[in-house]
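Visitor: After the structure tokens below, expect a handful of questions from me.
The values are calculated or read from the model by the stated rules, or taken from the named source; none is laboratory data. All values reported here derive from a predicted model rather than from experimental measurement. Here the Cβ positions follow ideal geometry from the backbone for every residue, glycine too, while neighbour counts run over all protein chains shown.
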Amino acid sequence: DPGADVRVDVVVIGMGQAGLSAAHHLQRRGYEIGERMLLLDANPGPGGAWQHRWPSLTLKTANGVNDLPGWGLDDAIDVDEEIPAAQTVPEYYRAYEERFGLRVDRPVVVDRVEQPEGVGSDFVVAVSGEGTAGLGGSIAGAGAGQAGRAPVTRTIRARAIVNATGTWDRPRIPYYPGIGSFAGRQLHTRDYTRAEDFAGERVLVVGAGISAVQHLAELAPVAQTHWVSRTRPDIRNAAFTPEVGAGVVARVDERVRQGLPPASVVSNTGLPVSAVETGMLPQCHPMFDRLDEHGAVWDALSLRSWGSAPEARRIDVDVVLWATGFLHRLDHLAPLGLRTEDGGLLVDGRATTRAVRNHGVHLPGYGPSASTIGANRAGRWVAREVEEYLGSLDGPDG
Ligand code: FAD
């Protein structure tokens, strides 16, 4: 029956650093792809979110891309630190997938994950997209007759879920009064491509993370830049150290174990700004109170905790560029009811990736593992904890 559910032990959703690492470790534990495990990704090609990064972001300007387990970046490809990371990283991931036979069904979007018979029973994963046609093609019978046909919506039954969907698809733009009345252009980091698009314009960059600083430094030679942020930028001319990183990870870890929404790891490691970049940054003002048709307006100066508003109490601009970060893409898991009242997700386990309310759901790349190094490490623990969970289902009490 071509319409029959495919059934596997584990479905890995999302094939960025986190999904690849988890898949690699699961594969080593005997979860054969197509038989016991399916790997799904919404993107058309390898690379996770990296295939979409803006062209001027290179391995030289990025925070550092960690190796995947078992085969490092330098061994896998000829690395040129000057070419876009949007080329280099996908090339690495592609080579990696091929070397280890990590066969990914793509583009396949997971629309919903449900568990109709309750915790401990099968998950039902609803998927759509072109890549669904050949999905599970290696499983005898399942999917037969569908290969090569038009995209369809299908369901997969799985005993465990590894969700590694990242954040790129959920840009975060905070609400400010008047945001809808601004007559100029507004865009988010996600949609930024190159500085030349803003030649001769007055651009207001919002945010105090690495993206904001990179946008400002790039825009300075071609545009008139302005900068605002809710918090004071934490500029460090010193290089980013592992100790700083570990401190941030520990703080995020503590938050998510309490069910609070995580803060971004990568944007909280301080700003390793070079001396050259520092010279290109305008003064950073505290966040405006509202936008109007022409730009940003400051009303309540007395409430400021740091810095001062511009003297004119307004800045007129053509563009507002929101470098305000990303949220985790988890909507498809909503039917599982994992969310806390605080808007977080309770997680525990050795890499802080196991959903407390449902040990069948594992989330590498969430919270403290939302960096390439963290995602990579998490993969090993996720594989082990998935196996433990499946073992508990099979066990005498399962
Ligand atoms: P992603 O790489 O985002 O992969 C997730 C995949 O899941 C995507 O392919 C997506 O299509 C897929 N997906 C999502 N939803 C679904 C769905 N419903 N169904 C099917 N598939 C789905 N970290 C570093 O360590 N070093 C850096 O230099 C660095 N630079 C960064 C720069 C920017 C601008 C940003 C935004 C982040 C940066 N990060 C960096 C953090 C980075 O996001 C993580 O380190 C890491 O790359 C994320 O990997 P991931 O596997 O969790 O997610």
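Visitor: Tally time: how many residues in the stretch 331-351 are within 14 Å of the ligand (Cβ to nearest atom) and surrounded by fewer than 23 Cβ atoms within 10 Å (Cβ to Cβ)?
Guide: Adding up the residues that qualify gives 5.
Visitor: Shifting gears a bit: Going through the stretch 192-222 one residue at a time, which ones are within 16 Å of the ligand (Cβ to nearest atom) and either among the hydroxyl-bearing types (Ser, Thr, Tyr) or surrounded by fewer than 14 Cβ atoms within 10 Å (Cβ to Cβ) (or both)?
Guide: Of everything in the stretch 192-222, those that are within 16 Å of the ligand (Cβ to nearest atom) and either among the hydroxyl-bearing types (Ser, Thr, Tyr) or surrounded by fewer than 14 Cβ atoms within 10 Å (Cβ to Cβ) (or both) turn out to be TYR192, THR193, ARG194, SER211.
Visitor: Please find, within the stretch 44-63, the residue that is farthest from THR189 (Cα to Cα) out of those that are at pLDDT below 95 and among the hydrophobic types (A, V, I, L, M, F, W, C).
Guide: Among residues in the stretch 44-63 that are at pLDDT below 95 and among the hydrophobic types (A, V, I, L, M, F, W, C), the one farthest from THR189 (Cα to Cα) is LEU59.
Visitor: Also: Pull up the stretch 64-78, narrow it to residues that are under 18 Å from the mean Cα position of the chain (by Cα) and either modelled with pLDDT of 95 or more or under 19 Å from GLY19 (Cβ atoms) (or both), then point me to the one that is surrounded by the most Cβ atoms within 10 Å (Cβ to Cβ).
Guide: My answer is LEU68.
Visitor: Which condition breaks for PHE123 when tested against (1) at pLDDT 95 or above; (2) surrounded by fewer than 16 Cβ atoms within 10 Å (Cβ to Cβ); (3) more than 10 Å from the ligand (Cβ to nearest atom)?
Guide: The failed condition is (2).
Visitor: Could we say that GLY365 is within 18 Å of LEU260 (Cβ to Cβ), part of a loop (DSSP other than H, G, I, E, B) and within 16 Å of the ligand (Cβ to nearest atom) here?
Guide: Here the answer is yes, as GLY365 does meet what is asked.
Visitor: Test of understanding: among GLY307, GLY337, GLY344, GLY367, which residue is on the phi > 0 side of the Ramachandran plot and touching a helix residue (DSSP H, G or I) at 6+ places or on another chain (Cβ under 9 Å)?
Guide: GLY367
Visitor: Out of the residues in the stretch 301-333 meeting the condition of being in a helix (DSSP H, G or I) and without any contact (Cβ under 8 Å) to a residue 40 or more places away in the chain, tell me which one is nearest to ARG202 (Cα to Cα). Let's see the steps before the verdict.
Guide: Here is the first cut: in the stretch 301-333, the residues in a helix (DSSP H, G or I) are 301-303, 331-333.
Narrowing further to those that are without any contact (Cβ under 8 Å) to a residue 40 or more places away in the chain: 301-303, 331.
On the way: LEU301: 23, SER302: 27, LEU303: 27, ASP331: 36 Å.
Per the stated criteria, the residue is LEU301.
Visitor: Which condition number does THR88 fail, the rest of (1) free of Cβ contacts under 8 Å to residues at least 40 places away in the same chain; (2) hydroxyl-bearing (Ser, Thr, Tyr); (3) within 22 Å of ALA217 (Cα to Cα) being met?
Guide: (3)
Visitor: How about the stretch 289-323: which of its residues are of a type outside the set (D, E, K, R) and modelled with pLDDT of 95 or more?
Guide: Once the filter is applied, which keeps residues that are of a type outside the set (D, E, K, R) and modelled with pLDDT of 95 or more, the stretch 289-323 yields LEU291, HIS294, GLY295, ALA296, VAL297, ILE315, VAL317, VAL319, VAL320, LEU321, TRP322, ALA323.
Visitor: Just to check your reading of the model, which residue among ASP105, ASP5, ASP9 is within 15 Å of the ligand (Cβ to nearest atom), of a type in the set (Asp, Glu), more than 30 Å from ARG194 (Cβ to Cβ) and surrounded by 15 or more Cβ atoms within 10 Å (Cβ to Cβ)?
Guide: Just one listed residue meets the conditions, ASP105.
Visitor: Please count how many residues of the stretch 174-186 are surrounded by fewer than 16 Cβ atoms within 10 Å (Cβ to Cβ) and either within 16 Å of the ligand (Cβ to nearest atom) or not in a loop (DSSP other than H, G, I, E, B) (or both).
Guide: The number of residues fulfilling the criteria is 1.
Visitor: Just to be sure I understand, how many residues within the stretch 93-135 are of a type in the set (Asp, Glu) and either in a loop (DSSP other than H, G, I, E, B) or under 19 Å from ARG28 (Cα atoms) (or both)?
Guide: Selection size over the stretch 93-135: 4.
Visitor: With respect to THR225, determine if the residue is modelled with pLDDT of 95 or more, crowded, with 22+ Cβ neighbours inside 10 Å, closer than 14 Å to THR278 by Cα and of a type in the set (S, T, N, Q). Write out each step before concluding.
Guide: On the way: modelled with pLDDT of 95 or more: yes; crowded, with 22+ Cβ neighbours inside 10 Å: yes; closer than 14 Å to THR278 by Cα: yes; of a type in the set (S, T, N, Q): yes.
For THR225, the condition - modelled with pLDDT of 95 or more, crowded, with 22+ Cβ neighbours inside 10 Å, closer than 14 Å to THR278 by Cα and of a type in the set (S, T, N, Q) - is met.
Visitor: Kindly indicate which of GLU97, GLU81 is closer than 14 Å to GLY19 by Cα, more than 9 Å from the ligand (Cβ to nearest atom) and over 18 Å from the mean Cα position of the chain (by Cα).
Guide: Numbers: GLU81 fails: closer than 14 Å to GLY19 by Cα.
Just a single option satisfies the conditions, and that option is GLU97.
Visitor: Among the residues of the stretch 352-369, are any at pLDDT 95 or above, surrounded by fewer than 20 Cβ atoms within 10 Å (Cβ to Cβ) and among the hydrophobic types (A, V, I, L, M, F, W, C)?
Guide: Yes, the stretch 352-369 contains a residue that is at pLDDT 95 or above, surrounded by fewer than 20 Cβ atoms within 10 Å (Cβ to Cβ) and among the hydrophobic types (A, V, I, L, M, F, W, C).
Visitor: Go through the stretch 27-56 residue by residue and tally those that are farther than 17 Å from VAL127 by Cα and away from the ligand (no atom under 15 Å from the Cβ).
Guide: Summing the residues that are farther than 17 Å from VAL127 by Cα and away from the ligand (no atom under 15 Å from the Cβ) in the stretch 27-56 gives 9.
Visitor: Among the residues of the stretch 377-397, what is the count of those that are surrounded by fewer than 24 Cβ atoms within 10 Å (Cβ to Cβ) and either touching a residue at least 60 places away in the same chain (Cβ under 8 Å) or in contact with a helix residue (DSSP H, G or I) (Cβ under 8 Å, 6 or more places away or on another chain) (or both)?
Guide: Of the residues in the stretch 377-397, 7 are surrounded by fewer than 24 Cβ atoms within 10 Å (Cβ to Cβ) and either touching a residue at least 60 places away in the same chain (Cβ under 8 Å) or in contact with a helix residue (DSSP H, G or I) (Cβ under 8 Å, 6 or more places away or on another chain) (or both).
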